[in-house]
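Working notes for the structure below.
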C-alpha cells in the first residue's frame, strides 16, 4: 500500500509536468509569457542600474581604476549574470573614464575568435591579479575590445551562430 502511495505521489506530478510541457494550454502559455515579460523587465532595470554605476565610476576615475574596480568587485563572483553585470559596469565606466597612460599596452588586438595567445593573456592576467572566476577572462576581453576600438582598428563583433 505504501509503495502505491509513493508511486502515485511521484507519477501524478510527473504526468502533470509532461502534460503542461507537451500540451501547453492557453493559461500555461499566458503564465509563461507574463513570467518572461517580468523577467526581461527586471533584467533591463538591472542593466540600467549597473550601467549608471559604471558611468558614475568612470566620471570619478581613469581607465585603470575602472578595470581594477570591476575585477576587484568581481573577484569570487560566480555565475553568468554576475559576469554580465560587471561587464556592463566596466564598459560604461570606460566610456566616461579619463585616459590612463599605458592602459592598452600589451593588450592583444580584439578578434571575434580569440587565439591561444589571447586566451593565455587573459588567463595569466587574471591569475596575476589573483582573480577567481572564469568570467574574469570575459572582462579582459572587454579591455581588448575597448583598446582595439581606441586604437582605431575596425572592431566588428559577429553575432553568435544559432544552434
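The values are calculated or read from the model by the stated rules, or taken from the named source; none is laboratory data. On a predicted model such as this, the values are computed, not experimentally measured, just so you know. Counting neighbours? That spans all protein chains shown, and the Cβs are built from the backbone with ideal geometry, glycine included.
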Specify which of the listed residues (147, 104, 93, 126) is in a helix (DSSP H, G or I), within 19 Å of residue 63 (Cα to Cα), over 17 Å from the mean Cα position of the chain (by Cα) and at pLDDT 90 or above.
147
Would you say residue 52 is surrounded by 13 or more Cβ atoms within 10 Å (Cβ to Cβ), modelled with pLDDT of 95 or more and assigned to a helix (DSSP H, G or I)?
yes
Taking the condition in a helix (DSSP H, G or I), closer than 30 Å to residue 142 by Cα and out of contact with any strand residue (DSSP E or B) (no Cβ under 8 Å at 6 or more places or on another chain), does residue 29 pass?
no
Condition first: at pLDDT 90 or above, surrounded by 14 or more Cβ atoms within 10 Å (Cβ to Cβ) and either over 18 Å from the mean Cα position of the chain (by Cα) or not in a helix (DSSP H, G or I) (or both). Can you find one or more residues in region 66-79 that meet it?
no
Somewhere in region 120-131, is a residue under 18 Å from residue 150 (Cβ atoms), in contact with a strand residue (DSSP E or B) (Cβ under 6 Å, 6 or more places away or on another chain) and surrounded by 14 or more Cβ atoms within 10 Å (Cβ to Cβ)?
no
